[in-house]
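Participant: Encoded as C-alpha cells, here's the structure I'll be asking about.
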Amino acid sequence: MPARATSLPPSLRQQLKESREALAEEFLSRPQPQQYLQRHANLVDDVLSELCESMLPQEVCLAAVGGYGRGELFPASDVDILLLIPHEPDEQLRSKIEAWVQGCWDAGLEIGHSIRTPMQCAIEADKDITIETALLEARWIWGSEDLFRQFEQQFKLRFNPRRFVEGKLLEQRNRHNRFEDSAYNLEPNLKDSPGGLRDLHMIYWLAQSVGMGGDWRSLVKSGLLSQQEAQRLSRTQRTLNLLRIHLHLLARRREDRLAFDYQSPLAGKIRIASSRTHRASELLMQRYYRAAKQVQLANEMLLPAFHMQVFEDAPSITPLVGEFALRGNMLVVRDMNLFMNDPTAIFRAFLAAMRHSASGFEPGTLRALWRSRTSINHIFRSAHENRTAFLAILREPEGVTWALRAMSRYGILGRYLPAFARITGQMQHDGFHIYTVDEHTLAVLRNVRRFIIPEFSHEFPLASKLMLAFDKPELLYLAALFHDIAKGRGGDHSEMGMKDARRFCKAHGFPPEDIELVAWLVKEHLSMSRTAQKEDLSDPTVIEAFEARLGDSRHLDALYILTVADIRGTSPKVWNTWKGKLLETLYHAANARLSGKKPAAAGLQDKRSEAKAKLALYGILPNAADELWRYLNDSYFLRFDTQDIAWHARMLWQKPDSSEIIVRARLSPAGDGIQVLVYCPDMPDLFVRVCGFFARNQFSVAEARIHTTRHGYALDSFQLLDDGLREVQYRDFLQFVEHELALALEPGRAPEAVPAGRLSRRLRHFPIQPEVEIRAGERGRFHVLSITCGDRAGLLHRIALILQKHAVGLYSAKIHTLGERVEDRFLISGPALETPGKLLGLERELLETLAQP
C-alpha cells in the first residue's frame, strides 16, 4: 500500500478549497456521481497523507472508515478516520496527534476521528455495532501497514456474523420506524429514509459479513443477483448518489433531506422540466420514490438470504398440495422456474400464501416472482384463468391488503393494471395529500378492509356496520383501487377513472349492476365529502339533491364507506371527528329520504318537543324556553339539531332580552374541539371581532352558523378545533373562552390587531392558486361565496374584514380545511352583490388578499 505521490502546494487549505470547487464544477457540467465520490475521497487522502507525513511518526497508521473507507465521500460529509497507534500514547505522541488533529481542521477537513490500538478497536466494535460497521469498511491511507494488518486480524478474530446481522436488522427496523416505515414522505431523507442510501449500504454490510463481498458483482457471482438485477441496482444507486451530491452542493452544507426548499432547484440541476400535467419537482420526486422502491425491494429479497446464510438452522419444509410448500411461515415454490414456465402460477402463489397464512415469500421464491413480472403482458391480462385468480385474491377473507401491497412492491400490480404503474411514485402537491398516489390508493384499500375486521369496529362503528353487511366487499376494493388511478393525466380524474373501472369490470365478467356501482363510486368518490363539508345540511334541498345522485341505499352505503376510507387515507391531520359527524349526518339524512321517511321540514314541532324533553332533564319547565323561541323563526329550528337547540335554550331562556354579551362554550358533542355560542344585540363588526379573537388564540374554525333573531339579536354558533385543548384543563379553557371573548366583543372596546399569518414552507414553494367565486344561490335569497387557497393563521379574519368593508352580511360559513388547503363556502347577502361592478370589486379584493404571502 504505497503512499500516493502528491504535488500539493504548502497552502493545503487553499488547495483543498480550490480542488473541491474544481470537482464540483466538473460534476455540474458532466455529472458522474461515482467518479466524483471517488475523486473527492482521493483528494482528501492526499491532504491527509501530506499532513501525516509532516506531523506524525511512521509507527502509526491512518485509515479511512465508514463511507469514506468505502471510497465514497460526498461534498459535505464528515471525513471519518481511524488513527491506529501501536500502544497507549506517551506525552510526546499525544502532543503530535493533537497538533495533527488541529492541522486537519486548519486545512478545512471536518474530521470525525478516533484514536485506538488494534485491540481497542476490536473491543469497542464488540460494544457498539455502529463502530463495528464503520470498521468493517476500514481502508488504509498512510503509515504502518503492519499495524493495519494487526487491526484487520484482531477485528476478524472477534467479528461475529450472527450478532452483526441480527444487530443491523434491528437497527434498520428502528431507523425505519423513525420515518413511520415509509419511503414516501414529502421531504424524505436521502440517506436514512426507508429506501434511501443507508438501505443500499445494508446490503453491502451484510454481504461482507457473510463473506459474499461488498459490491454488486460479488452478489452476481454468489447467485443472489442476476447481471440485469445488479445493473438495475447500480443505476438506482447512481440516482440516489446523484441527488445527494447535488443536494449538498445546493445547500452548501450537509443536507440529506429533500426539503421543499430544494426540490424545484434540484429538478433544474438535473434537467427535469415541467410537463403539461406535472411540476418539475413532482417528476423529480417520482424519480426518487421509484428508486427508493427498488432499494426496498432489493432489501426484501436479499436481507433474508443473508440471514439464512448465517443461521443455518432454517425451518424445515412443510409440503402443500400443488406447487408450493411452507418453510416456517414463508411460502416456497418447489420449482424456481415455475413462474417463468407457467406465469399463471404468479397469482396462484399469492392465493396459496393467503390461504395458508404465510407471512411472505422465501427469498428465492420472491426473486423468482419478481423476475417473472415481465411475463405479465396483454396475453396474461386477457387470460380468463388469470382474471379469475385476481378476483379470487380480492375475495379472500384474509390477506387482501398484504397481497396487493406485496404485488405493488414487486411490480406485479402495475403490470396487471398498467394505469396503476403510471401513478407509482406520483406526488400530489395539493396541500393535503402527504402520500404518493399509489401509496394513498393502497392506504384507502387498507382502510376499507379495516372496516370489515371486528376488532376494529369501535373505531368507525357506522362504517364497520355497513361494511360487514355489504354483500360484495370486492366491489369496494376495486373502487378504492381505481378512485385516483387517472390522476396526473390532465382533466377530471374521476371521469377518466370511471371509464378505466368500467372497462376493467366488464373484462372481468361482473354483472351489469356491479359494473355500474364500481364505475359510479369512482366517479362520485368526492361528492359525499364535498356535500357534507361545504353545503348546509339543514337545508332539505341539499339533502334532496344528494339523494338524487344515489338511487338506492346500496349506493349510499358504499359511498359512505369509500368516503371515510379516502379521507382517512390522505393524511392523519385531515380526518377529525367533526368531519365524521358531518358525514354521518348526511348519511342518516339521505338514508331517511331513501327509506321514505318524512322530510325534516315536517318535523319542526318534533324538534321543539324533543328539546323540551332534554331541558326537563335539567329541571327546566316545559314552557320556559317559549319566550326565547318566539324570537326564532323556522330556519333556526331547521339549521340546528335538537341537542344544540336544547343547549341554546338552557343557556339563554332566562335572559332572551338581555343587553349583555353572552358567550358560552362546551366540549363539542362531535368529539373534537369545542362549541361556542355567542348571543348579544347584533353589531356590524361582530363576526370580525369573533374571528379576530379566534385567530389571536390560534383556534381553527370548522363551522360558523350565523342567525339573527326577530328582535335583532345575533345567535351565532361556532365549532372550533384546537389541539391545545388536550394539554390544558378543559374547564379552565372553556372559562377562558367565555370570559375573554365576551370582553373582546364589548362595543366600546377597540378591536385588537391580529398578527399576519405566515404560509408554511410547503405552500411557499408549492403555492395553491387562490380561487374566488360568487354566484347567486338556487333560491335567490343568498349568494354563495366559494374560496379555495392555501391555509394560514388568521385567514378567516382577513375574509371577514373584507366582507365587513363591503357591507356583506353572513348567514353561514362552512370551513373545509384539508391539511394546508382551504375550501371554504359562505352564504352571504348585501347590496354589494346586486350590481356586477360591486361584485367584481369584492371578488378582486378577496383574490388580492388571498394571494398575499
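The values are calculated or read from the model by the stated rules, or taken from the named source; none is laboratory data. Here the structure is a predicted model, which means the values were calculated and not measured. Quick reminder, even Gly has a Cβ in these numbers, built from the backbone with ideal geometry, and neighbours come from all protein chains shown. Ligands, DNA and RNA are stripped out before the accessible areas are found, and what is left, the full protein with its side chains, is counted by its heavy atoms. Shrake-Rupley method; radii C 1.70, N 1.55, O 1.52, S 1.80 Å.
Participant: Scan the stretch 110-139 for residues that are surrounded by fewer than 20 Cβ atoms within 10 Å (Cβ to Cβ) and either aromatic (Phe, Trp, Tyr) or not in a helix (DSSP H, G or I) (or both) and jot them down.
Facilitator: Answer for the stretch 110-139, where residues must be surrounded by fewer than 20 Cβ atoms within 10 Å (Cβ to Cβ) and either aromatic (Phe, Trp, Tyr) or not in a helix (DSSP H, G or I) (or both): 110, 111, 112, 113, 114, 115, 116, 117, 128, 139.
Participant: Going residue by residue through the stretch 30-49, is there one that turns out to be of a type in the set (D, E, K, R), surrounded by fewer than 21 Cβ atoms within 10 Å (Cβ to Cβ) and part of a strand (DSSP E or B)?
Facilitator: No, the stretch 30-49 has no match at all.
Participant: Between residues in the stretch 500-514 that are under 12 Å from residue 382 (Cα atoms) and residues that are open to solvent by 40 Å² or more (accessible area, probe 1.4 Å), which pairs lie under 6 Å by C-beta distance while being six or more apart or on different chains?
Facilitator: 508/387
Participant: Could you run through the stretch 131-155 and say how many residues are farther than 18 Å from residue 70 by Cβ and either free of Cβ contacts under 8 Å to residues at least 24 places away in the same chain or aliphatic (A, V, I, L, M) (or both)?
Facilitator: Total satisfying the criteria: 3.
Participant: Out of 694, 718, 687, I need the residue that is touching a Leu at 6+ places or on another chain (Cβ under 6 Å), surrounded by 17 or more Cβ atoms within 10 Å (Cβ to Cβ), at pLDDT 90 or above and not small (Gly, Ala, Ser). Which one?
Facilitator: Just one listed residue meets the conditions, 687.
Participant: A further question follows. Which numbered condition in (1) touching a residue at least 40 places away in the same chain (Cβ under 8 Å); (2) open to solvent by less than 20 Å² (accessible area, probe 1.4 Å); (3) assigned to a helix (DSSP H, G or I); (4) not aliphatic (A, V, I, L, M) is the only one that residue 571 fails?
Facilitator: (3)
Participant: Search the stretch 648-682 for residues being within 13 Å of residue 718 (Cβ to Cβ) and free of Cβ contacts under 8 Å to residues at least 60 places away in the same chain, and hand back the single one that is nearest to the chain's Cα centre (by Cα).
Facilitator: Top of the filtered list is 675.
Participant: Looking at (1) of a type outside the set (A, V, I, L, M, F, W, C); (2) assigned to a loop (DSSP other than H, G, I, E, B); (3) open to solvent by 60 Å² or more (accessible area, probe 1.4 Å), which is the one condition that is false for residue 72?
Facilitator: (3)
Participant: Could you check the stretch 637-691 and list, in sequence order, the residues that are of a type outside the set (A, V, I, L, M), assigned to a helix (DSSP H, G or I) and closer than 16 Å to residue 615 by Cβ?
Facilitator: Residues satisfying the conditions are 637, 642, 643, 644, 647, 648, 650.
Participant: For residue 223, all conditions in the list (1) buried (at least 17 other Cβ atoms within 10 Å of the Cβ); (2) of a type outside the set (Phe, Trp, Tyr); (3) under 22 Å from residue 162 (Cβ atoms) hold save one; what is the number of the exception?
Facilitator: Evaluating residue 223 over (1) buried (at least 17 other Cβ atoms within 10 Å of the Cβ); (2) of a type outside the set (Phe, Trp, Tyr); (3) under 22 Å from residue 162 (Cβ atoms) leaves (1) as the failure.
Participant: Quick check on residue 639: is it surrounded by fewer than 16 Cβ atoms within 10 Å (Cβ to Cβ) and closer than 23 Å to residue 694 by Cβ? I'd like the intermediate steps shown before the answer.
Facilitator: Numbers: surrounded by fewer than 16 Cβ atoms within 10 Å (Cβ to Cβ): no; closer than 23 Å to residue 694 by Cβ: yes.
Considered against the rule, which asks whether it is surrounded by fewer than 16 Cβ atoms within 10 Å (Cβ to Cβ) and closer than 23 Å to residue 694 by Cβ, residue 639 comes out as no.
Participant: Condition check: of a type in the set (Lys, Arg), open to solvent by less than 50 Å² (accessible area, probe 1.4 Å), touching a strand residue (DSSP E or B) at 6+ places or on another chain (Cβ under 7 Å) and touching a residue at least 60 places away in the same chain (Cβ under 8 Å). Does residue 762 satisfy that? Working first, answer last.
Facilitator: Working: of a type in the set (Lys, Arg): yes; open to solvent by less than 50 Å² (accessible area, probe 1.4 Å): yes; touching a strand residue (DSSP E or B) at 6+ places or on another chain (Cβ under 7 Å): no; touching a residue at least 60 places away in the same chain (Cβ under 8 Å): yes.
So residue 762 does not fit the description; no.
Participant: Can you pull out the residues in the stretch 745-779 that are charged (D, E, K, R), closer than 30 Å to residue 284 by Cα and not in a helix (DSSP H, G or I)?
Facilitator: 758, 771
Participant: May I ask you to verify whether residue 285 is surrounded by 14 or more Cβ atoms within 10 Å (Cβ to Cβ), of a type in the set (A, V, I, L, M), touching a strand residue (DSSP E or B) at 6+ places or on another chain (Cβ under 7 Å) and farther than 24 Å from residue 211 by Cα?
Facilitator: So residue 285 does not fit the description; no.
Participant: I would also like to ask the following. Of all the residues that make up the stretch 140-183, how many are buried (at least 18 other Cβ atoms within 10 Å of the Cβ), touching a strand residue (DSSP E or B) at 6+ places or on another chain (Cβ under 9 Å) and not small (Gly, Ala, Ser)?
Facilitator: 7
Participant: Taking the stretch 230-247, which residues are free of Cβ contacts under 8 Å to residues at least 24 places away in the same chain and more than 17 Å from residue 38 (Cβ to Cβ)?
Facilitator: 230, 231, 235 - these are the residues of the stretch 230-247 that are free of Cβ contacts under 8 Å to residues at least 24 places away in the same chain and more than 17 Å from residue 38 (Cβ to Cβ).
Participant: Could you go through the stretch 348-359 and let me know if any residue there is touching a strand residue (DSSP E or B) at 6+ places or on another chain (Cβ under 9 Å), open to solvent by 30 Å² or more (accessible area, probe 1.4 Å), modelled with pLDDT of 95 or more and of a type in the set (Lys, Arg).
Facilitator: Checked against the condition, which is being touching a strand residue (DSSP E or B) at 6+ places or on another chain (Cβ under 9 Å), open to solvent by 30 Å² or more (accessible area, probe 1.4 Å), modelled with pLDDT of 95 or more and of a type in the set (Lys, Arg), the stretch 348-359 yields at least one hit.
Participant: Within the stretch 727-754, how many residues turn out to be over 21 Å from residue 676 (Cβ atoms) and either under 34 Å from the mean Cα position of the chain (by Cα) or not aliphatic (A, V, I, L, M) (or both)?
Facilitator: Qualifying residue count for the region: 1.
Participant: Right, here's the next one. Here are some residues: 653, 647. Which one is among the aromatic types (Phe, Trp, Tyr) and buried (at least 19 other Cβ atoms within 10 Å of the Cβ)?
Facilitator: Values: 653 fails: buried (at least 19 other Cβ atoms within 10 Å of the Cβ).
None of the others qualify; the one that does is 647.
Participant: State whether one or more residues within the stretch 180-199 are more than 21 Å from the chain's Cα centre (by Cα) and of a type in the set (A, V, I, L, M).
Facilitator: Within the stretch 180-199, not a single residue is more than 21 Å from the chain's Cα centre (by Cα) and of a type in the set (A, V, I, L, M).
Participant: Are any residues in the stretch 822-853 charged (D, E, K, R) and open to solvent by 50 Å² or more (accessible area, probe 1.4 Å), and if so, which ones? Step through it out loud before you land on a result.
Facilitator: Quick first cut of the stretch 822-853, residues charged (D, E, K, R) only: 823-825, 834, 838, 843-845, 848.
Hits for the stretch 822-853 are 834, 838, 844, 848.
A quick yes/no check of all residues on (1) touching a helix residue (DSSP H, G or I) at 6+ places or on another chain (Cβ under 9 Å); (2) of a type in the set (S, T, N, Q); (3) farther than 23 Å from residue 509 by Cβ; (4) crowded, with 19+ Cβ neighbours inside 10 Å:
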| residue | (1), (2), (3), (4) |
| --- | --- |
| 382 | yes, yes, no, no |
| 392 | yes, no, no, no |
| 398 | yes, no, yes, no |
| 401 | yes, yes, yes, no |
| 404 | yes, no, no, yes |
| 408 | yes, yes, yes, yes |
| 414 | yes, no, no, yes |
| 424 | yes, yes, yes, yes |
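Participant: Give the number of residues within the stretch 470-503 that are at pLDDT 95 or above and farther than 23 Å from residue 428 by Cβ.
Facilitator: Adding up the residues that qualify gives 7.
Participant: Of everything in the stretch 736-746, what is open to solvent by 70 Å² or more (accessible area, probe 1.4 Å) and either under 13 Å from residue 697 (Cα atoms) or in contact with an Asp or Glu (Cβ under 9 Å, 6 or more places away or on another chain) (or both)? Give them in sequence order.
Facilitator: 736
Participant: Further, regarding this structure: Output the number of the condition that residue 629 fails; it satisfies all remaining conditions of (1) without any contact (Cβ under 8 Å) to a residue 24 or more places away in the chain; (2) crowded, with 16+ Cβ neighbours inside 10 Å; (3) closer than 27 Å to residue 550 by Cα.
Facilitator: Here residue 629 clears every test but (3).
Participant: Looking only at the stretch 441-490, filter to residues that are among the β-branched types (Val, Ile, Thr) and either touching a strand residue (DSSP E or B) at 6+ places or on another chain (Cβ under 8 Å) or open to solvent by 10 Å² or more (accessible area, probe 1.4 Å) (or both); which one of those is farthest from residue 388 (Cα to Cα)?
Facilitator: Per the criteria, the residue is 453.
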